[in-house]
Structure formats: structure tokens, C-alpha cells
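Right, one structure below, let's go through it.
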Amino acid sequence: MTHDRVLYLNGEIIEESQARISPFDRGFLWGDGVYEVTPCFDGHLYRLGDHIARLYRSLRYVRIDPGMTPEEMERVTLDTHKANEDCLEEGAMYRVGHWVTRGVDDLSMAAGAASKATVLIFWRLADREKVAQNAREGIRLSVTATRRTPPECVEPRAKVTSKMNQILAELDAAASGSLSLMLDIHGNVAENSVANFFIVRDGVLWTPPERNILEGVTRKVVFEFAGRLGIPVEERSFTMYDVAQAEEYFITSSAICALPVKEIDGFRPKTGVPGPVTRQLMDAFTENTGYDFQTRRTSLM
């Protein structure tokens, strides 16, 4: 029986404690890479194909060749998952990371001269009790002074490892005991440091357009659920004035799916937490994943 989780690194499945990456890897030196995080609920990978598809869109944007096709990336992910089965906790939630860097730096330090890409796939345990508490009680957000990087600088839809923009926003908000809500450079609402943002206004889901935000996989799933549930959705620019008028707020990301927001800088939703629309979407995620985010019980057989 395996006692140490394993990971995939550059063609090998090895124990985590045996993993070695060069200190001259451009991912470490320059943040030169892209990444993905796929949730794993009680041993079940959720939307792996969607996450790998987005990984390859990001790779194409930053011009990194991972040395394998998307189909091969999915296969080695499943192989690594199988190798980990004996040491994954029953009923637990994991974040499955796909990190791809441009590789080891050449003496010239030129991006185009780097060696072949570094490919890392790993499992990290999530704090399911904290996720469950936040799902029941909601979270607080605070608008940060740090604005979301505009697409004229770095395309927000790409999931790049250079995260200082979002990290600074996270630290801004943490000073007041909150999570972040970032605006774009024009004052429109963008997203949280690690999640997409939605409001419900007059029964309609509003979410910022993709121009200033990450192209969220879970955001896409919300659109699918909303279509089935008859909930209208609008991708549109809006400001904190609109947030002040909203009935509900919530954020979405892979490991949390949909998480209610109970306060944003003193603004509170007009309905309960979670509100009725947020509740419908949370229930849809529970049914679709088989994982009850509020009680930590699993129902998928």
C-alpha cells in the first residue's frame, strides 16, 4: 500500500517526497508558466476535460509546448489518479494541479532558449470543513485598491502562474478580514482573486464579461445549470452601485463550486444567505457532483 501520495513530473509517476525541480526553472525564476486546478470530490475528478482544454488554450497563448497532446495529458492524469487511489482520504476534497512551465533557463535567460517544458501534476487536500462552513454561512468580500490586470497587458482569460496581481489583492482584503473583490481599471466589477463573481438583480444573474476576468470552468457550469433551471443570465459590465441594489451575491471556482457572499464592504444581500437563486445553483452542484458542500457528506455511488 502506498503511504505517500504520488505525482507526475516530466514523464514519471513518483512519490511527492522524491520530486525535484531545478532552481533555474523559469516557473520559479520568472513565474513563466500556466496552470489548472481540477476538483476531485471523494475520488471523482470533476470536469477534467474542460480543465485540460483551458490549460491548452493558456499554453497556446503563452507559446509553451508541453510535449504532449491534450489526450495524453488526460491519460497521464488518470494514471496518476489511479496510482493515488490507496492514499486518498475517503470523502475528502482534493485540488488536482496541472502546472506547466517553459522549462529550465538557458544561460542567455531568453524565453525562446529555454529547455523543454516542465510538466507537474499533483493532488492537494482541501479544507472541506472550512468550505462547508462558508457554504452554510457565506463569506465577506472587500473591494481592493489593486485592480485586475487589463487585457492590454496580460490576457485575464489565460490561467498564468504570474499571480502577483491577485496576491496583492488577496493581501489587501485580508487586512480587513475579508476576501477580495477586484475592479477593472475603469471601475467595473471584475472578480475575486481566485474566483468569478455573480450577483442576482431582479431575478437575473449578472456576471462580468470575459474581457476582464478568468475564463472560469465553474462559471461555464453555472451558465449550463441556469439554462436548465430557467434562470436568465447576463454577461455585462456593472459597478458597485449595481452590487448595492442586488438581492444576492456569490462566487464560483473549481473546489468550492458556488459559495454565497454575505457582505461586501457593508453591503448585504436583500435575501437570505444563501439566497434562493444561489441555493438552486448550490443544490445543482451537489446533485451534479454527488458532493454535499454544506455537510461534507457524499452521495455519489
**OP:** Can you tell me which residue among A117, A113 is aliphatic (A, V, I, L, M), within 25 Å of R57 (Cα to Cα) and buried (at least 19 other Cβ atoms within 10 Å of the Cβ)?
**Re:** A117
**OP:** Within region 217-233, track down each residue that is basic (K, R) and surrounded by fewer than 18 Cβ atoms within 10 Å (Cβ to Cβ).
**Re:** K220, R228
Original post:
Does I256 fit the bill of being modelled with pLDDT of 95 or more, hydrophobic (A, V, I, L, M, F, W, C) and either surrounded by 15 or more Cβ atoms within 10 Å (Cβ to Cβ) or not assigned by TED's automatic domain parsing to the domain that holds A175 (or both)?
Top reply: no
Original post:
Looking at region 252-279, which of its residues are within 17 Å of the chain's Cα centre (by Cα), closer than 15 Å to R136 by Cβ and not aliphatic (A, V, I, L, M)?
Top reply: C257, P260
Original post:
Tally time: how many residues in region 44-72 are under 20 Å from the mean Cα position of the chain (by Cα) and more than 13 Å from F122 (Cα to Cα)?
Top reply: 19
Original post:
Residues in region 109-148 that are within 16 Å of D25 (Cβ to Cβ), among the small types (G, A, S) and touching a residue at least 40 places away in the same chain (Cβ under 8 Å): how many?
Top reply: 3
Original post:
Of the residues that make up region 221-234, is at least one in the same structural domain as P151 (by TED's automatic domain parsing) and either in contact with a Gly (Cβ under 6 Å, 6 or more places away or on another chain) or of a type in the set (F, W, Y) (or both)?
Top reply: yes
Original post:
(1) within 16 Å of the chain's Cα centre (by Cα); (2) assigned to a loop (DSSP other than H, G, I, E, B); (3) surrounded by fewer than 20 Cβ atoms within 10 Å (Cβ to Cβ); (4) of a type outside the set (K, R): which one isn't true of E152, the others all being true?
Top reply: (1)
Original post:
From the list A169, A195, A174, A190, which one is assigned by TED's automatic domain parsing to the domain that holds G275 and in contact with an Asp or Glu (Cβ under 9 Å, 6 or more places away or on another chain)?
Top reply: A190
Subject >> Selected residue [of a type in the set (K, R), buried (at least 20 other Cβ atoms within 10 Å of the Cβ) and either in contact (Cβ under 8 Å) with a residue 24 or more places away in the chain or outside the structural domain of L78 (by TED's automatic domain parsing) (or both)] from R47, R54, R5 >> reply: R54
**OP:** Starting from residues that are closer than 25 Å to V273 by Cα and without any contact (Cβ under 8 Å) to a residue 24 or more places away in the chain, keep the ones in region 171-201 and report whichever is nearest to the chain's Cα centre (by Cα).
**Re:** A174
Subject >> Which listed residue is outside the structural domain of R57 (by TED's automatic domain parsing) and buried (at least 19 other Cβ atoms within 10 Å of the Cβ), from I185, I213 >> reply: I213
Original post:
Which ranges mark the helices (runs of 4 or more DSSP H) fully within region 209-301 that have 3 or more residues being touching a residue at least 12 places away in the same chain (Cβ under 8 Å) and under 23 Å from K159 (Cα atoms)?
Top reply: 217-229
Subject >> Residue satisfying condition, being of a type in the set (A, V, I, L, M) and either at positive phi or crowded, with 21+ Cβ neighbours inside 10 Å (or both), within set V204, V261, V273 >> reply: V261
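The values are calculated or read from the model by the stated rules, or taken from the named source; none is laboratory data. None of these values were measured; they are calculated from a predicted model. In this analysis, Cβ positions are derived from the backbone assuming ideal geometry, glycine residues included, and neighbour counts consider all displayed protein chains.
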